[in-house]
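Single-structure report; data block below.
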Amino acid sequence: MQEVIDFQKLARAVRAFDNTAVLVVGDLMLDRFVWGEVSRISPEAPVPVVEVQEETVLLGGAANVANNIRAMGGGCFLGGVVGSDDSAGSLMELSATTGIDTRAVIQDNGPTTVKTRIVARGQQVVRVDREEKRLLAGEVLNALKSAFAEVVPEAGCVVVSDYAKGVVTLDVMKGLMEATAQAGIPLLVDPKPSNMDIYRGATMLTPNSFEASAMSGIEITDTETLSRAASNIMEKLATQAVLITRGAQGMGLIERDKPLYTIPTMAREVFDVTGAGDTVIATFSMGIANGLRMTEAAWLANVAAGIVVGKVGTATVSSEELVEALEQHATV
């Protein structure tokens, strides 16, 4: 029998988010959205012509995890690398406006990663990526590790948001593991299968179902294969726990020496899954930093994800929305 969750306790934890800060490290991006309408097909090719009505710029990648934490009222430090271009200026300005501490953001040569999504009538038509994978070394790597050592003692948890763009390396992970071990705080990773070996020793990983299948070599088709895949990853990488997100099928959490704990999805309507994984690890990290058990933090993240997928674009969840949703569950 699975433990009963006290949703009022989770709501109280959310109300205390402003007393906690998390360090988010990873690949920093800008998300550009071009909003418009489609009324005809191009005579040049069988593609829709989008008449642009509005353009917006949001924090993306690891910066979206930080944005989620701030939207929920938590404090946040951001660590990573930006280029020497106008997009870097936009990212830093947005971060400052949001209240994100960017002491651990280092500037390097090259472009800042930008993902441009063209959306018409609520549907994404196409995405255009501008990026250049960088290998961190020398002064940039040393500056990044020094910045982590400075801010980790001020955080209650560290999140690594890996988009495999080059910032999350073995050297970076070693530096973070040393710093978090010294501070006595958890290190959570939103992983990429191609980098799985460098996460060894992290407190917890949060892959989606596709990533977990790739990392474990086990195709996840049901609860039994979900449990085996999560256990396989946990043993391979010597982590304390693995949380696998499964979209419409909810989540599966396995902790060392405990059976699989499953959580049904909270989403009622799904309009856009952009950034849903960012919301999950952001909310989970805040729950853990505020003293919740892993099962409780997973439920909290699941409720937040159910809210965010009902929005279009790289969305966030406010503390007020989250508390309201939790209190509704508490009365059921």
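Points worth noting:
- Computed from backbone phi with θ = phi - 60° and the Karplus coefficients 6.51, -1.76 and 1.60, the 3J(HN,Hα) list for region 5-21 is 8, 8, 5, 5, 4, 5, 5, 5, 5, 4, 5, 9, 4, 5, 9, 10, 10 Hz; x is used for glycine and proline.
- Relative contact order (%) - the chain, alpha-carbon pairs under 8 angstrom, separation at least six: 19 percent
- Projecting the Cα positions of Ala298, Val158, Thr221 onto the charge dipole of the chain (unit charges on Cβ atoms of Lys, Arg, Asp and Glu, taken about the Cα centre) puts Thr221 furthest along the positive direction.
- Nitroxide proxy distance, nm - points 7 Å out along Cα→Cβ at Glu93 and Asp257: 5.4 nm
- Using the Karplus relation 6.51 cos²θ - 1.76 cosθ + 1.60 with θ = phi - 60°, the per-residue 3J(HN,Hα) values for region 161-171 come to 10, 9, 10, 6, 9, x, 6, 8, 10, 4, 4 Hz, with x marking Gly and Pro.
- The P(r) of the chain has a tail past 34 Å containing 22 percent of all C-alpha pairs.
- Applying a DSSP loop filter and a limit of 12 other Cβ atoms within 10 Å to the GluC sites (Glu not before Pro) in region 90-158 leaves Glu132.
- Taking θ as phi - 60° and the Karplus parameters 6.51, -1.76 and 1.60, the scalar couplings of region 104-118 work out to 9, 9, 10, 8, 9, 6, x, x, 7, 5, 10, 10, 9, 10, 9 Hz in sequence order, x denoting glycine and proline.
- Under 20 Å between alpha carbons - lysine pairs in the chain that sit 8 or more apart or on different chains: 15
- Under a 5 Å amide H cut-off, with hydrogens placed 1.01 Å from N, Cys157 pairs with Leu23 among residues at least 5 apart or on other chains.
- Net charge dipole, the chain: roughly 420 debye, given to the nearest 20, about the Cα centre with Cβ charges of +1 for Lys and Arg and -1 for Asp and Glu.
FYI, it's all coordinate maths here, none of it is from the lab. Keep in mind that this is a model prediction, so the values were computed, not measured. Every residue, glycine among them, receives a Cβ derived from its backbone with ideal geometry; neighbour counts consider all protein chains shown.
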